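Asks: Before I ask anything, here is the structure I am working with.
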């Protein structure tokens, strides 16, 4: 295989061999390239036009899908490609970009375009979390189109360098958008002490950093005797007043995302993955793992757009939980 989808690539030269550093297989990496090339085609079709919200959402979700540790499902990625192509056709068509043209380009050009591409992928994660809560920014949305279009163009270093700088500036603007989204929705976060002890009874572990998913799960588990614990990137959720008020948001389980294969191995509780936090799932706990939103992995149960977390809740009740303290 050859995969150059992210900054975690082996040796900075692209992952080669049987699988990538993140665990993706070659066929999945190729589909991510196909999706990226289609997104560039959509940007070409949309560039200079007054496009609607469906184009922006397709670009944001498509870019977020290709972030490391988000989506390992070929079928889910194919659906994204199909969706992007429908948007291209609705705009009158646009040539998709063959990604080998980027990976095989001059080293300096490839490096600059990769900085832009990896930058807007990360920015898409911020934009997505703001978007699902009803917050958006026209400048940010326009820059996704501008940047993707530029990646597909035959530009020189002196043309790409200012775009790299602009990527950083707009990324900061997008981070400010997400900060405003979260604080206006969940209150201004405050430092809190987060317990690490797991209380007796059924519980669910939530990983990632989608506060909206966590809030919906908290609503659906209220009064049902199921406690909620964060993991990894979800830890900051405890600082937001509107989330902290739920008494069954008990604490944090485990450590960082890269430790999940060890930490989730034997827990008698389901785990819900919400964003870019997923590692290849071991058979020993695959029956207890659920994904939602853009996160997907072959064979795992997925919670759809209706956000009905009943399967997760019922699994927690079946497993029962234990009383233990996490080191």
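Asks: Can you pull out every residue in region 199-222 that is closer than 20 Å to residue 274 by Cβ, touching a residue at least 24 places away in the same chain (Cβ under 8 Å) and more than 19 Å from the chain's Cα centre (by Cα)?
Replies: Selection gives 202, 203, 204, 218, 220, 221, 222.
Asks: If you don't mind, another one. Quick one: which helices (runs of 4 or more DSSP H) lie wholly within region 158-269 and hold at least 3 residues that are closer than 30 Å to residue 141 by Cα?
Replies: 211-221, 241-244
Per-residue answers, yes or no, for (1) in contact with a strand residue (DSSP E or B) (Cβ under 7 Å, 6 or more places away or on another chain); (2) buried (at least 23 other Cβ atoms within 10 Å of the Cβ); (3) at pLDDT 95 or above; (4) closer than 20 Å to residue 275 by Cβ:
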{"position": "2", "(1), (2), (3), (4)": "yes, no, no, no"}
{"position": "21", "(1), (2), (3), (4)": "yes, no, no, yes"}
{"position": "34", "(1), (2), (3), (4)": "no, no, yes, no"}
{"position": "52", "(1), (2), (3), (4)": "no, no, no, no"}
{"position": "60", "(1), (2), (3), (4)": "no, yes, yes, yes"}
{"position": "85", "(1), (2), (3), (4)": "no, no, yes, no"}
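Asks: Something else about it: Residues that are part of a helix (DSSP H, G or I) and either crowded, with 21+ Cβ neighbours inside 10 Å or modelled with pLDDT of 95 or more (or both): does region 294-311 have at least one?
Replies: Checking region 294-311: at least one residue is part of a helix (DSSP H, G or I) and either crowded, with 21+ Cβ neighbours inside 10 Å or modelled with pLDDT of 95 or more (or both).
Asks: I need the full set of residues from region 121-140 which are over 19 Å from residue 293 (Cβ atoms) and buried (at least 21 other Cβ atoms within 10 Å of the Cβ), in order please.
Replies: Hit for region 121-140 is 140, nothing else.
Asks: So, in region 89-107, how many residues would count as being at pLDDT below 95 and in a helix (DSSP H, G or I)?
Replies: Within region 89-107, residues that are at pLDDT below 95 and in a helix (DSSP H, G or I) number 5.
Asks: Might you let me know whether region 111-119 holds any residue that is more than 21 Å from residue 42 (Cβ to Cβ) and more than 19 Å from the chain's Cα centre (by Cα)?
Replies: Yes, region 111-119 has at least one match.
Asks: Does residue 129 count as assigned by TED's automatic domain parsing to the domain that holds residue 253 and either part of a helix (DSSP H, G or I) or more than 30 Å from residue 321 (Cα to Cα) (or both)?
Replies: No, not satisfied.
The values are calculated or read from the model by the stated rules, or taken from the named source; none is laboratory data. These numbers were taken from a predicted model, which means no experiment stands behind them. Every residue, glycine as well, gets a Cβ built from its backbone with ideal geometry; the counts of neighbours run over all protein chains shown.
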